[in-house]
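Notes follow the structure.
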Amino acid sequence: MHNMLPSMKLSIIVPVYNVADYLNTCIKSLTIQDIDKDQFEIIAVNDGSTDTSLLVLEELKNEFVNLKIISQENQGLSGARNTGLNNALGQFILFVDADDYILPNVLKNLIDTAVFNKTDILEFGAKGITPHNKIVYSASASSNNKVLTGAEYLAEINYMSSACNKLYRLSFMNIHQLRFMPNVYIEDIEFNSRAVVLCDRIMAIDTIIAHFLQREGSITRTRNFAKKEKMIFDIFTVINSINDLAEQHVTTKSIAYIPLKKRVSSLVATMLIRVLKDTKSTSTKKEIITLLKSKNLYPTKFKPDTKDKRWFLYFANNYLVFSLSCFMFSKFNKLRHGS
């Protein structure tokens with residue numbers, strides 16, 4: 001009996017924090033699907049919202065019986081997702097951010113594909129859209145109907161870092177105790193690096209399943225220097241985690257080793273760009289370079305896949321030139337935004 005699969009096929013986890021204006025569109029999109037209501041659950045984790053999000057959820061629950069609401073004190077996106085995972089009953093997990101939505105009648109084919117191919121992770125396509133429904137980008141990968149190991153996937157597929165364009169098998173996540181790192185930005189990159197490495201069976205289909213809303217006020221667009229500073233150090237935390245994964249859990253002979261190290265170098269470039277542009281203090285630059293050197297990550301030895309980051313690291317690896325540039329930018333930021 002213990003080998004029986006869960007009778008519920010899918011748990012859709014929706015973290016909710018001050019998103020009252022978007023909840024109707026999001027939750028209703030999850031119900032316009034071609035799977036029976038008793039085959040899936042929607043777990044909305046109200047993460048200490050201070051707006052009317054909880055009220056909107058309670059009204060939606062009157063309409064949709066398979067909507068479960070869990071309220072908790074604010075723990076951030078990672079904490080909300082982890083709570084959802086700890087309460088999920090489905091065979092598979094789909095993460096949907098509350099300002100995004102799923103296209104109509106796409107989930108049956110997604111689940112059928114995952115069941116047929118026995119995948120731990122199934123990646124699908126997504127589009128980024130503006131509040132006025134203008135498409136900003138379209139992202140999709142394909143493994144050409146082949147199921148790959150995690151190492152093969154890292155070596156062959158340029159996958160999207162988001163947790164919201166993948167269908168995860170819950171038993172796989174629980175066996176490996178896969179949860180999101182708490183209290184860091186860009187938690188998806190860290191989480192998926194570990195998840196993909198641990199996969200025995202992973203594949204990608206290029207079907208567009210989700211639309212991701214691109215809106216102002218996100219951490220990538222903020223003008224708050226304290227948040228920008230936190231982002232810089234959070235990127236280092238993620239770099240450290242992925243680098244440890246490469247060094248301690250993936251041998252240098254593995255085809256996953258160099259792709260992981262390239263991802264680390266790409267994140268180093270991203271972080272140093274932020275050090276250059278988004279700080280008012282040169283001490284941040286000194287601290288970050290010291291941390292990178294302690295992990296033997298500066299100067300960087302592996303080249304990222306993108307040309308712009310390769311060129312940037314060619315410049316940033318020259319400590320004197322990079323230091324002078326950081327000094328000039330910090331002066332400019334102080335003049336422009338105040339000390």
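Side notes on the structure shown:
- Which of H176, H132 has the fewest Cβ neighbours within 10 Å, and the rest in rising order: H132, H176
- Annotation: the residues T300, T113, T290, sorted from fewest to most other C-beta atoms within 10 Å of their own C-beta, follow the order T290, T113, T300.
- When +1 charges are put on Lys and Arg Cβ atoms and -1 charges on Asp and Glu Cβ atoms, the dipole computed for the chain relative to its Cα centre reaches about 1800 debye.
- Per-pair calculated FRET efficiency, R0 = 41 Å: K295 and D51 via Cβ, rounded to 0.05: 0.50
- Considering only alpha-carbon pairs that sit under 8 angstrom and 6 or more positions apart, the relative contact order computed for region 182-316 is 25 percent.
- Global form of region 225-337, assessed from the alpha-carbon gyration tensor, a/c cut-off 1.5: prolate
- Overall form of region 1-93 per C-alpha gyration tensor (a/c, 1.5; a/b vs b/c): oblate
- Using the Cβ-Cβ distance between K134 and A226 with R0 set to 41 Å, the FRET efficiency from 1/(1 + (r/R0)^6) comes to roughly 0.85.
- Here the label points at D34 and N109, each 7 Å from Cα along the C-beta direction, are separated by 0.7 nm in the simple model.
- Residues S283, S140, ranked from the fewest to the most other C-beta atoms within 10 Å, line up as S283, S140.
- Aspartates and glutamates whose Cα lies under 13 Å from that of K61, excluding same-chain neighbours fewer than 8 positions away: E41
- When the chain is described by a simple charge dipole with +1 on each Lys and Arg Cβ and -1 on each Asp and Glu Cβ, the residue from F180, T270, A98 located farthest towards its positive end is T270.
- Within the chain, percent of DSSP bridges classed antiparallel, to nearest 5: 35
- Cα centroid separation - region 265-282 against region 101-165, whole Å: 30
- Global geometry of region 275-322, whether rounded, prolate or oblate, following the gyration tensor of its Cα atoms and the 1.5 cut on a/c: oblate
- Exceedance of the 22 Å cut-off in Cα-Cα distance is limited, within the set K301/K331; K280/K301; K28/K166; K118/K253; K285/K309; K227/K301, to K301/K331; K280/K301; K118/K253; K227/K301.
The numbers here are math on the coordinates, done by the rules we state, and not lab data. This one's a predicted model, so the numbers in the text were calculated from it and none came from an experiment. A quick note on method: Cβ atoms are made from the backbone with ideal geometry, for glycine too, and the neighbour counts reach across all protein chains shown.
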